[in-house]
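To start, the structure itself, in structure tokens.
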Amino acid sequence: MLEPIHHIIAALTRGAGNTRKPKIKEPWRFYCERDQLRGSLAQRAVYFKGVGWEFEYNNDKIVYALSLLRGDALKWATPCIER
């Protein structure tokens, strides 16, 4: 028998006072597939917000995002990285 929804909600919110942040999964590597670009950018935005980089740390964001490039995306970015 299924529990009534209010019992489930109550059980989930009992620890609501807990200030521990959830672990944010790192974004996947980007290989330059056009159909994955928007998802890749969205993942990075969520990651940056989750680790507290939403409004600051622009250099760190750039370096981190560049570190996730692979394949053709990395070939394209290499001259920028080397500067």
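Worth pointing out:
- Residue within the range 40-51 that is more than 24 Å from PRO22 (Cα to Cα) and assigned to a loop (DSSP other than H, G, I, E, B) present: no
- Scanning the range 29-38 for residues that are assigned to a helix (DSSP H, G or I) and either touching a helix residue (DSSP H, G or I) at 6+ places or on another chain (Cβ under 7 Å) or surrounded by 13 or more Cβ atoms within 10 Å (Cβ to Cβ) (or both) turns up just one, GLN36.
- Restricting attention to the range 63-79, the residues that are surrounded by fewer than 14 Cβ atoms within 10 Å (Cβ to Cβ), free of Cβ contacts under 8 Å to residues at least 12 places away in the same chain and more than 15 Å from GLU26 (Cα to Cα) total 3.
Since every read-out is calculated from the coordinates, none of them should be taken as a lab result. Nothing here was measured: the structure is a model prediction, and the numbers come from that model. With ideal geometry, Cβ positions are generated from the backbone for all residues, glycine too; neighbour counts draw on all protein chains shown.
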